[in-house]
Amino acid sequence: MEYREILETASTHLASMKGQIMPVLEVARPNDIEYAKHLAKVISKLSPLVGNMIEYNVCTELNKLEWLNNGIWRRQDPGFPDTVFDGNIYPIPGIEIKTWFPLATEITARFKDSIRFFDDDQTNVALVAWLPEFIIFGKPKIIDVWVGTAKSLAMARDTHYNNPPDYLVFEPEDTTDRTSNLQQTNTNGYKFQGTKNEFSKALEIVKSWGEGYSVYDYSAEYQGKIKQLLGSFSYRLDTNFAKKIKQLLGSFSYRLDTNFAKIDRIEHLELEAFKFACIEYKNIESYY
């Protein structure tokens, strides 16, 4: 078997898990209407725990298939992708598994890994949508599964966000000489924060790059241009978890976008269709 065949077989199996009950935990049936109302309000709080257990269980499911002694699937959380085929196959096939509780929130999972790491299309992303089998109680039930290539997600993300000078998408630094725990693989996005007059000046600089300046490119040449833009002017680092805000002096201001790379916002066409199919009431009703 070669890596594409392994990845296709695994992805097809994941997609076939639609409707499957996952024996990871069970919420007891409420005894009265008041407790049922309470469950309806708090059941979503189980999402992180159940999601992690489903991700682990999916790896077990993949190892039930026959891989002709080429290897086995194993979890490497917190590595990326979190499920990889451990064997004698190269490039190593991998699947990043994300879970989603449609009745709770938007798809909060993020996808920040650089498109540079998917040249061989050796990695897929699986989004597993689940609900309790009886809406607010019972075991988790997979209501649908979307599987796509990591490369297509990264391309959709970068195309959606990159819009210099208003929005800049940065590739990770080259860290190939570092140990595995110090490798950088994530992209980052910065949003323009200056005045209209400052924006006009920044736009003139960007236009001087020539035709196609707004088309995203992860090449060293293009990355060098936006780094010069960001490095020449001031920007503001603004994160939800930072205890200090560091501002570099200059002419323009940018902030780090904490919503950057949320899967729900990158406008991947196939994923959008999957999302709307899951949240339509008539479709969810059909699963029960």
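How charged is the neighbourhood of ASN88? Take every other residue with its Cβ under 15 Å from the Cβ of ASN88, and add Lys/Arg as +1 and Asp/Glu as -1. That works out to -2. Modelled spin-label separation between GLU2 and TYR56, with each label point placed 7 Å from Cα along the Cα-to-Cβ direction: 3.7 nm. The slack between ASP86 and GLU66, meaning 0.36 nm per residue of separation minus the straight C-alpha distance, is 5.8 nm. Taking a cut-off of 19 Å between Cα atoms, list the aspartates and glutamates near LYS225, but don't count ones fewer than 8 places away on the same chain. The qualifying aspartates and glutamates are ASP158, ASP166, GLU171, GLU173, ASP174, GLU198, GLU204, GLU211, ASP217.
Between LYS227 and TRP209, the simple spin-label model (points 7 angstrom out along Cα→Cβ) gives 1.4 nm. Footprinting exposure proxy ranking of LEU203, LEU131, LEU182, fewest other C-beta atoms within 10 angstrom first, gives LEU182, LEU203, LEU131. Neighbours of GLU171, meaning other residues whose beta-carbon lies under 10 angstrom from its beta-carbon, give a summed charge of -2 when Lys and Arg score +1 and Asp and Glu score -1.
Counted by Cβ distance under 15 Å from TRP67, the other residues give a net charge of -3, where Lys and Arg count +1 and Asp and Glu count -1.
Extending each Cα 7 Å along its Cβ direction at ASN181 and ASP120, get the distance between those two points in nm, one decimal. In this crude spin-label approximation the distance works out to 2.7 nm.
Legend: residue pairs LYS98/LYS141; LYS18/LYS151; LYS45/LYS139; LYS98/LYS151; LYS151/LYS191, Cα-Cα distance threshold 19 Å; pairs beyond threshold, LYS18/LYS151; LYS151/LYS191. Measuring nothing but how far apart in sequence close Cα pairs (under 8 Å, 6+ apart) lie, relative to its length, region 118-218 scores a relative contact order of 22 percent.
Taken together, the values in this text are just the output of simple stated rules run on the coordinates, not laboratory data. Since this is a predicted model, take the numbers as computed values, not measurements. For neighbour counting, all protein chains shown are included, and Cβ atoms are generated from backbone atoms with ideal geometry for every residue, glycine included.
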